[in-house]
Amino acid sequence: MPNLNRRLFIAAPCLLTLTAFSGGASAAAFQLQEQSASLLGSAFAGRSADAHDISHMYFNPATLGVHLGHDPEAEVVLSYISPTFDFEAEEVPDFSQAHPSQGEMPGQQSAGGGEDAFVPVFYAATDIIPGLRFGLGINVPYGMETDYPEDWVGRYDAVNTDLMTIDINPALGWRVNEQLALGFGLSAQYADANLSSMLPEGGPSDPNLDGKLTVEGDSWAYGFNLGAHFTPTDGTQLGIAYRHGMGHTLEGDADYQASGAQFTDDSTDGEADLDIPASVNLGIAQQLHQRWTLLADATWTQWSDFEELAIEMDDPGITPLGENPEETYDWDDTWMFSLGTRYDHSDQWDFRFGVAYDQTPTSDRYRTPRIPDEDRTWVALGGTWQPEAVNNLTVDFAYTYIWLDDAAITLAEGLADDGVLDDPVAGEYESNVQVVAASANWRF
């Protein structure tokens, strides 16, 4: 125990430093599923039921109780996420007859917004009294970054979006009896966001004359998660878990940099509400054969809580618009369904495969280039290696390819509503995400 505690105090600050480099959403909206390399290999099928290692505690804290009697252990997970969000305008509208400028709205008609990212995660666990196991997770559950050129046709909707969360989640797993384990955890979550977009100064005839509004802020919020794990018969594991939503109030600065003849740089304090959704997960792990296990999963996420992102600036007069920015999302609740399998090849190796369907919470009407989301299909594979010469080390690895349905989007609606353009800019996204993950679990 003393050695484990010392390692925890050393590893946790290092991990918090590493999370500064995270981003790049891989699941619906801006959610990051990559909290477990072993689960990534099965497309997260059976996440609340298959108590393979302590990384499953994030999805169901009751799985800690299944590991009772194990030595103290720690696990580090590192994922590399590479998203591609490629926009192509179908038709760029002309300026309206009310404006003397001729021709199309200027700006790049195609642009890519995806940004690669590393996502690190840390876990530790140990028994504290008979029947009770303690676990600690430091996770990055939500995050993304999209970054577009400052002269693309969607610059008045978005240029840069950078969101990161860090979740510190201590949890307890209680083994009630041989069939039932219960779990409970608390979360302290830090969120940091940076949003920017261009603003037209006297009309969008020249991108070089645009101003730029950047809003940044951070916040702490608190929540809880709980779950149950049931083993009705040998070879059958069932899990159910709930993670409560959180309400962040991001407080920070709004900065406006005027261009053209202005060359001014004004700032003011501001804040914005960011709602993190609640979720419910149901999972099953059914052994079909001595070596084969079927994994299945259904997860519901309450994205309908995320209705808008309204920024309240103390002095909205720092911009030519003289008003507080507000973006309507009006999202829907979603389901993610996963199906996978695990093949226990030997004492040193096992392998996984999985597929998943992940609904988007948005629609064509409310899609934004900040989060150009659509329904996603996952294909994943992975495995576990336990070296014969190092019995207390386990290594997991996985690769996932995710393709998104083509996503229609409408940009510059505000300019069309104001009569500056004949019509908004219509376009489409072609997107995909690739994820590579690995983890090392060490039992002391």
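The values are calculated or read from the model by the stated rules, or taken from the named source; none is laboratory data. Computed from a predicted structure; not experimentally measured. Here the Cβ positions follow ideal geometry from the backbone for every residue, glycine too, while neighbour counts run over all protein chains shown.
General observations
- Leading residue by the ranking (farthest from ALA74 (Cα to Cα)) among those in region 381-427 that are without any contact (Cβ under 8 Å) to a residue 12 or more places away in the chain and among the aliphatic types (A, V, I, L, M): ALA389
- Looking at region 280-362, the strands (runs of 3 or more DSSP E) lying wholly inside it that each contain 1 or more residues that are surrounded by 15 or more Cβ atoms within 10 Å (Cβ to Cβ), among the hydroxyl-bearing types (Ser, Thr, Tyr) and out of contact with any Phe, Trp or Tyr (no Cβ under 7 Å at 6 or more places or on another chain) sit at 292-301.
- Residues in region 120-138 that are over 17 Å from PHE224 (Cβ atoms) and among the aromatic types (Phe, Trp, Tyr): PHE122, TYR123.
- Here MET246 meets the list (1) touching a His at 6+ places or on another chain (Cβ under 9 Å); (2) under 28 Å from LEU274 (Cα atoms) almost entirely, failing just condition (1).
- Yes/no for SER36 being polar (S, T, N, Q), modelled with pLDDT of 90 or more and in contact with a Phe, Trp or Tyr (Cβ under 9 Å, 6 or more places away or on another chain): yes
- Of all residues in region 249-269, those satisfying the criterion of being on the phi < 0 side of the Ramachandran plot and either of a type in the set (Val, Ile, Thr) or modelled with pLDDT under 85 (or both) are THR249, ALA258, SER259, ALA261, GLN262, THR264, ASP265, ASP266, SER267, THR268.
- Restricting TRP378, TRP442 to those that are of a type in the set (Phe, Trp, Tyr), buried (at least 22 other Cβ atoms within 10 Å of the Cβ) and either free of Cβ contacts under 8 Å to residues at least 60 places away in the same chain or under 24 Å from GLY46 (Cα atoms) (or both) reduces the list to TRP378.
- Residue ID - surrounded by the fewest Cβ atoms within 10 Å (Cβ to Cβ), chosen from residues in region 47-99 that are of a type in the set (A, V, I, L, M, F, W, C), over 26 Å from the mean Cα position of the chain (by Cα) and in a loop (DSSP other than H, G, I, E, B): ALA98
- Matching option when the condition is of a type in the set (D, E, K, R), in contact (Cβ under 8 Å) with a residue 12 or more places away in the chain and under 20 Å from TYR148 (Cα atoms), among ASP218, ASP255: ASP255
- Residue among TYR256, TYR222, TYR242, TYR190 that is closer than 25 Å to LEU415 by Cα and aromatic (Phe, Trp, Tyr): TYR256
- Scanning region 163-190 for residues that are buried (at least 19 other Cβ atoms within 10 Å of the Cβ), of a type in the set (A, V, I, L, M, F, W, C), over 29 Å from THR231 (Cα atoms) and modelled with pLDDT of 95 or more yields a single hit, ILE166.
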